[in-house]
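The values are calculated or read from the model by the stated rules, or taken from the named source; none is laboratory data. Because the structure is predicted, anything quoted here is derived from the model rather than measured. Neighbour counts are summed over all protein chains in view; Cβ atoms, including those assigned to glycine, are modelled from backbone coordinates with ideal geometry. In case anyone asks, the SASA skips ligands and DNA or RNA and just uses the protein heavy atoms, side chains included. Shrake-Rupley method; radii C 1.70, N 1.55, O 1.52, S 1.80 Å.
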Amino acid sequence: MDALYLIKIGEITLKDGNQAEFVARLKRDIKRRLRGIPSVLESKEARYYLSVPTEYEEYAEFALSRTPGVNGWAKARRCAKDMATIRALAIELMREKAAEGPRSFKVEARRSDKSFALGSYDIARELGGAVLEALPELRVDVHAPEALLYVEIREQAYVYTDGRKGVRGLPVGSGGTGLLMLSGGIDSPVAGYRMIGRGLALESLYFHSYPYTSQEAWDKVRDLALILASFQGGMTMHTASFTELQLKIRKDAPEDRATLYLRACMVMAADMLAKKRGLNCVVSGESLGQVASQTAENMRFTGSYTDLAILRPLAGTDKEDTVRTARQIGSFELSILPYEDCCVLFSPKHPVLKARYESEKAAFDALGFRDIVAASVDAIESVELDYPGPKGLPRAPRR
């Protein structure tokens, strides 16, 4: 028997005039993630129904838990719309659930088919009584139940016990395309994750300064990109060599401007690459006031080296919230590995905090960084990171 998954969508249903486009994009995205697996995906009344052979359950659940646009999902059982059949199935599922340890439960019923004889409250009451009679070790707790029994009356009846949360948001690509400036830190992977969840299809750009930054540092960032690829459905990762540039900054720039000028060069490189790739915006992990280069004055200066929109989803986010999200998506433990990236090289002890816009731009432009940045962008190396499966993230090709 195939496994059946009931998929709930949320924000897409608010897209009145172009809802069909969002629905079609989400269906294509789910099917793309299940490429090579026998599956049937149907949509009816703000619900999708996915069927896969039981041997592919783990892969289907991995995909559903990481697909933006999916609000929630559950492995469900489908049956005829008569109370005797629904009652028997509800008892069966609750018996399986009780074996896992819960001793309290609540029934949540939803009747989309208004022709069904019982209303939602009456369905819940009848099923709750049937479960209590069959499983006297259980009790009803409507405020803090240890288990939930769900019943949905649609074109057929759907019964399930384990509802899972999805990424929510919008289907990948519905919000355009962008380039994520990806470092080995905590913030930029979370920024990428949040923008993917808003429908932005991302490529990533990492700045490498060999031999000052190690192969292990590159591997770490590649593994972070693979985590993002698991939510996006794959990702192109670009690596720009910034060794020559950083040596020039160290030689020619005032010491207290080193990080600020490096950041401006990164934005300049991201601008060049994004335009080459036909991307619409640049995504940064900057958070206002977190470090010296992320004051409002300094971000105005560094951001002036692109005319593309710079999206900073963490600009107003507390660091603890960012860490919480990093743990949730599985990037935190990678981000804290002790392999430093180029952002910490030659960092000044006392960096400038509030750049004077006009004078800083004149001083920066006079040092002639643009040609070196352009040469770095021309020599960029790229790898395609495939969508990973559920049994751990696979190693991507080394450069």
Going by the structure shown, is K75 under 30 Å from I37 (Cβ atoms) and either over 30 Å from the mean Cα position of the chain (by Cα) or outside any strand (DSSP E or B) (or both)?
-> no
Positions within the stretch 112-136 being more than 23 Å from E45 (Cα to Cα) and surrounded by 14 or more Cβ atoms within 10 Å (Cβ to Cβ), in sequence order = R125, E126, L127, G128, A130, V131, L132, A134, L135
Kindly indicate whether any position in the stretch 290-303 is over 25 Å from L247 (Cβ atoms), outside any helix (DSSP H, G or I) and under 26 Å from the mean Cα position of the chain (by Cα).
-> yes
The correct count of residues that are part of a loop (DSSP other than H, G, I, E, B), closer than 22 Å to R66 by Cα and not hydrophobic (A, V, I, L, M, F, W, C) in the stretch 313-332 is 3
When you scan the stretch 97-135, how many residues do you find that are assigned to a helix (DSSP H, G or I) and more than 32 Å from the chain's Cα centre (by Cα)?
-> 16
In the stretch 30-47, residues that are outside any strand (DSSP E or B) and more than 15 Å from Y59 (Cβ to Cβ) total 2
Does T259 qualify as being closer than 16 Å to D187 by Cβ, of a type in the set (V, I, T) and buried (at least 16 other Cβ atoms within 10 Å of the Cβ)?
-> yes
Residue check, V140 at pLDDT 95 or above, buried (at least 17 other Cβ atoms within 10 Å of the Cβ) and either out of contact with any Cys (no Cβ under 9 Å at 6 or more places or on another chain) or of a type in the set (F, W, Y) (or both) = no
Conditions: (1) of a type outside the set (F, W, Y); (2) at pLDDT 95 or above; (3) surrounded by fewer than 21 Cβ atoms within 10 Å (Cβ to Cβ). A191 meets all but one. Number of the miss?
-> (3)
Candidate set from the stretch 52-74 (those that are open to solvent by 20 Å² or more (accessible area, probe 1.4 Å) and in contact with a strand residue (DSSP E or B) (Cβ under 6 Å, 6 or more places away or on another chain)); member that is farthest from G10 (Cα to Cα) = T54
Of the residues that sit in the stretch 292-331 and are free of Cβ contacts under 8 Å to residues at least 24 places away in the same chain, within 23 Å of S359 (Cα to Cα) and of a type outside the set (S, T, N, Q), which one is most open to solvent (accessible area, probe 1.4 Å)?
-> A296
Within the stretch 176-185, can you find the residues that are more than 20 Å from M268 (Cα to Cα) and at pLDDT 95 or above?
-> G176
Restrict the check to the stretch 337-359 and report whether at least one residue is farther than 27 Å from S304 by Cβ, in contact with a Pro (Cβ under 7 Å, 6 or more places away or on another chain), in a loop (DSSP other than H, G, I, E, B) and modelled with pLDDT of 75 or more.
-> no
Which of the residues that make up the stretch 99-111 are at positive phi and buried (at least 16 other Cβ atoms within 10 Å of the Cβ)?
-> none
For residues in the stretch 33-51 being of a type outside the set (G, A, S) and open to solvent by 30 Å² or more (accessible area, probe 1.4 Å), which is modelled with the lowest pLDDT?
-> E45
Options I86, I30, I7: the member that is open to solvent by less than 20 Å² (accessible area, probe 1.4 Å) and more than 28 Å from P145 (Cα to Cα) = I30
May I ask you to verify whether R198 is open to solvent by 20 Å² or more (accessible area, probe 1.4 Å), under 14 Å from the mean Cα position of the chain (by Cα), among the basic types (K, R) and at positive phi?
-> no
Examine the stretch 150-157 for a residue that is of a type in the set (S, T, Y), at pLDDT below 95 and either closer than 30 Å to M94 by Cβ or open to solvent by 10 Å² or more (accessible area, probe 1.4 Å) (or both), and state whether such a residue exists.
-> no
Can you tell which of L179, L170 is within 22 Å of the chain's Cα centre (by Cα) and buried (at least 24 other Cβ atoms within 10 Å of the Cβ)?
-> L179
Answer from E203, E146 - the residue that is more than 30 Å from S284 (Cα to Cα) and open to solvent by 10 Å² or more (accessible area, probe 1.4 Å) = E146
Test: D162 is touching a residue at least 24 places away in the same chain (Cβ under 8 Å) and of a type in the set (D, E, K, R) | yes
From L64, L93, L89, which residue is at pLDDT 95 or above, farther than 29 Å from V140 by Cβ, in a helix (DSSP H, G or I) and in contact with a Lys or Arg (Cβ under 8 Å, 6 or more places away or on another chain)?
-> L64
Output the residues belonging to the stretch 5-38 that are among the basic types (K, R) and over 25 Å from R77 (Cβ atoms).
-> K15, R25, R28, R32, R35
